[in-house]
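Structure, as structure tokens:
The values are calculated or read from the model by the stated rules, or taken from the named source; none is laboratory data. Keep in mind the model is a prediction, meaning the values are calculated, not measured. Side chains included, ligands, DNA and RNA excluded: accessible areas come from the protein's heavy atoms. Shrake-Rupley method; radii C 1.70, N 1.55, O 1.52, S 1.80 Å.
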Amino acid sequence: MKFKILLLSTILLGLTSALYATALPDSIGVENLNGKKVILHKLDPKDNYYSIGRRYGVSPKIIQKFNNNAPLQIGHVIKVPTDRSIVEPTPVVQPPVTPAKPDNQASVKTQPNKQQQPQSADQKAAPDTEKNNTAGATSQQYKVSAHETLYAIAKRFNTTVEALTALNKLKSNSLATGQVLLVPNGVAATPPPPAADANADTANRDSTYVAPDSLDRHIPTNRYGLFEKNEKGVATWIDDTSLDPNKKLILHRTAPIGTVMRITNPMNNRTTFAKVVGRFTDSQSTRDAIIVMTKNVAEALGALDKRFQVNISYGTPNE
């Protein structure tokens, strides 16, 4: 029994000494001498070269020689050279290893009893959290512009009105300007620019060129019985006494009077809306144009020339 007590005391004494040696700080600081640590030690009343050497594990003669055999005075600072690097690595503490449990015990503890253990509030909320994370990964936010419809947004993002309604839990198809919707992720908010080809080169050389895409494209009607038409071509603005230049008014060959068109300048992606107030016929200034507009519309689109390319979109009833 006495032997066990003696052995335990020896072990505890050794651990205490090791901890004290590890936690022993440098007296007042250190210096860097060719990558080696030099300890700055402030002298205490009981200090001598031997006690200082024993404290820092350095030979007293080396300390005495390094300090030019200077006499020790209380409160003075002497330097203790060491072989230790000025940058000492931080010891890595390994986490304790938990012994593996037998397979039969692990299987018993990891299989919950669904009948006896009711679900907590966190467990019930887990499916909703997964749905939200999935929705965030597959959708993005889109801010509704003025006069935009669910149908136009669904077409832009290659989806359907029903999908947008379900994704945003909408109770109607009415949208407010500035409203934020969730739309499919990874789809550009603006249509991509047309591919460069021979027709594009022709359009650059001659502003009167009308792209083949300007032909009417009938798409399936929406719930209000309207078709959306998209046209591309040349627009021009004129000074006409019958048109107020300070209002956004346009003339079109076939669109019903009163139709509101969405007009985009593809050169700078600026968009505005204007109202059809009449028809126009070909003349020297309107030759090959798809719309004629007032100067106010041209300025809103940032047009630099009197004739320029535009993309127009408007709704028309089933014909």
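Data overview
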item	result
Built amide H within the under 5 Å cut-off of Phe227, gap 5+	Thr316, Asn318
With every protein chain in place, the range 25-70: carbon and sulfur % of accessible area (1.4 Å)	50 percent
Gain on full stretching of the segment that runs from Lys171 to Phe273 - 0.36 nm per residue minus C-alpha separation	34.0 nm
